[in-house]
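Input: a single structure, listed below in structure tokens.
The values are calculated or read from the model by the stated rules, or taken from the named source; none is laboratory data. Small disclaimer: the values here were computed from a predicted structure and weren't measured. Heads up, the Cβs are rebuilt from the backbone with ideal geometry, glycines too, and the neighbour counts pull from every protein chain shown.
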Amino acid sequence: MRDLTSGLLAIAMLGFAGCTSSPPAESHDAADIVRDPFPEAQAAIRAEMLALSDIGRRHDWDGLRAAHLEGPKFSEIGAGLERNDFEEMITGEIAQVSAVQNLSIDWRELKIDVFGDVAVATSFPLYTGTDANGETGELELRATMVYVKTADGWKIAHEHLSPPAAE
């Protein structure tokens, strides 16, 4: 069960938001980036986040790489609260997620705030999966993902996951 929990934690840190779609064609010229919701961008990011289970279930490492901003501006706060760059994140997540099968993610209370070409998604995701012994487990976390809009679509520029607050 410990291996399953570690694997689920790694999956949770994936931020597999599979951002392969084109950026929405919303005009930001006269927009109020603080008050306007940008519904097309919200829908695009929501769809990519919902695709996360499929990407994880298939162990789609190319999809994982494509979902993130590959470069020096990417950052992740890892399980040990260390700051990881893109390569550290990819290497660690592939190593741990490989052991988890049948991934499912419920993005509970998903909130997406779009600020023009930047968006912040927060959620209380529930991750479930099965280990090599067929044992099913689940992991609840708090998640924050920062997205940037690029020529290739919305990409995760930063992700931070942590356990729920102690009751």
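Listed residues 155, 149, 111; which is within 26 Å of residue 35 (Cβ to Cβ), touching a strand residue (DSSP E or B) at 6+ places or on another chain (Cβ under 7 Å) and surrounded by 21 or more Cβ atoms within 10 Å (Cβ to Cβ)?
Unique residue meeting the criteria: 155.
Name the residue, out of 76, 93, that is buried (at least 17 other Cβ atoms within 10 Å of the Cβ), at pLDDT below 95 and closer than 20 Å to residue 163 by Cα.
The unique qualifying residue is 93.
Taking region 51-76, which residues are polar (S, T, N, Q) and assigned to a helix (DSSP H, G or I)?
53
I need the full set of residues from region 80-107 which are in contact with a strand residue (DSSP E or B) (Cβ under 6 Å, 6 or more places away or on another chain) and either under 30 Å from residue 36 (Cα atoms) or in a loop (DSSP other than H, G, I, E, B) (or both), in order please.
100, 105, 106, 107
What's the total number of residues in region 109-158 that are in a strand (DSSP E or B), free of Cβ contacts under 8 Å to residues at least 24 places away in the same chain and on the phi > 0 side of the Ramachandran plot?
Result for region 109-158: 0.
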